[in-house]
Amino acid sequence: MILTYIFYIVLGFLPSLIWLTFYLKKDCHPEPKNQIIQIFIWGMLVAPLAALLELFLFWLTKPSFEINSLVASLNQFHDGWRELIGLVFFAPLVEEYLKYKIVVSKTLKDSDFDEPLDIMLYLIIGALGFAAVENLIVVLKTPLMPIGDVLGIISFRFIGATFLHALASGIVGYYVAKSLLAAKNKSQLILKGLSIAIVFHAAYNYLIGLLEKYPPASLLIVLLLTAMALFVSSGFKKLKNQLSVCKI
């Protein structure tokens, strides 16, 4: 049983580690390993806080609702307006803001932060730590799911939720980087990045909720993630062309 738990934990981390390897290769000036690990852990630590805030906001829509019912509702898609608000509004808003806040607060004044591309990469790393905790929560449910089901879920989350978190934070990171190069519009640029990320995240959550009843929604999910990936890829290219060195 212990070996099974260890194996499932490894599977939970695997999607994030694969995407982490992919995005680290985009940095021409690799960041220190200890910095990468710290940011990844910060992303992991903020995930439970996000879950608690989402539960609290969800509870506010109906304070008499029991906590067990709240958890069940957030893990499923229902037709009720409360569940729709939780999936499409509360979750994207809380998660994108907290992923942004924890990484920015911990890295902008760090001596290793010396180019615009860094903040975009840092936010993606933090998001992958966040996604790893989400994956662990899914695969370590009691009782444990059969290995076949876990492999299917992790495969889906690799190209779905984990990728979404990385891309959404990458979008925020791009606008944060731009804000460092345009101090006059700093707040507006950060707000724009967060807004775009939240909208994409909300659209993904809504489409995932529709998937079981409306399979064609899978095509829209693919198109959504493709659009986000192209946006992030373009952002990396633009930032690589920036010759300025960012200093706070």
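Of note:
- Members of region 175-196 found to be among the small types (Gly, Ala, Ser), out of contact with any Lys or Arg (no Cβ under 9 Å at 6 or more places or on another chain) and within 26 Å of Ile85 (Cα to Cα), listed by number: Ser195
- Pair list, Cβ under 9 Å, 6 or more apart: region 46-61 residue under 22 Å from Ile124 (Cα atoms) and touching a residue at least 60 places away in the same chain (Cβ under 8 Å), other residue assigned to a helix (DSSP H, G or I) and of a type in the set (Gly, Ala, Ser): Val46/Gly126; Val46/Gly129; Ala47/Gly129; Ala47/Ala131; Ala47/Ala132; Ala50/Ala91
- Pairs where the first residue, in region 102-124, is under 21 Å from Gly235 (Cα atoms) and the second is at pLDDT below 80, C-beta under 6 Å, 6+ apart: Thr107/Phe113; Leu108/Ile248; Asp114/Val245; Pro116/Gln242; Pro116/Cys246; Leu121/Asp27
- Residue within region 189-203 that is more than 15 Å from the chain's Cα centre (by Cα), among the hydroxyl-bearing types (Ser, Thr, Tyr) and surrounded by fewer than 18 Cβ atoms within 10 Å (Cβ to Cβ) present: no
- Filtered by the rule that a residue be surrounded by fewer than 16 Cβ atoms within 10 Å (Cβ to Cβ), outside any helix (DSSP H, G or I) and basic (Lys, Arg), region 1-57 gives a lone residue, Lys25.
- Pairs, first under 13 Å from Ile119 (Cα atoms) and in contact (Cβ under 8 Å) with a residue 40 or more places away in the chain in region 18-29, second acidic (Asp, Glu) and in a helix (DSSP H, G or I), C-beta under 8 Å, six or more apart: Asp27/Asp118
- The test for being closer than 23 Å to Leu210 by Cα, outside any loop (DSSP other than H, G, I, E, B), modelled with pLDDT under 95 and β-branched (Val, Ile, Thr) holds for Val71.
- Test: residue in region 149-167 that is closer than 30 Å to Ile6 by Cα and in a loop (DSSP other than H, G, I, E, B): yes
- Selection status of Tyr206, hydroxyl-bearing (Ser, Thr, Tyr), under 22 Å from Glu83 (Cβ atoms) and part of a helix (DSSP H, G or I): yes
- The sole residue among Leu164, Leu239, Leu151 that is loosely packed, with under 14 Cβ neighbours inside 10 Å, aliphatic (A, V, I, L, M) and in contact (Cβ under 8 Å) with a residue 12 or more places away in the chain is Leu151.
The values are calculated or read from the model by the stated rules, or taken from the named source; none is laboratory data. Bear in mind that the values here come from a model prediction, so they are computed numbers and not experimental data. Positions of Cβ are backbone-derived with ideal geometry, glycine not excepted, and every protein chain shown enters the neighbour counts.
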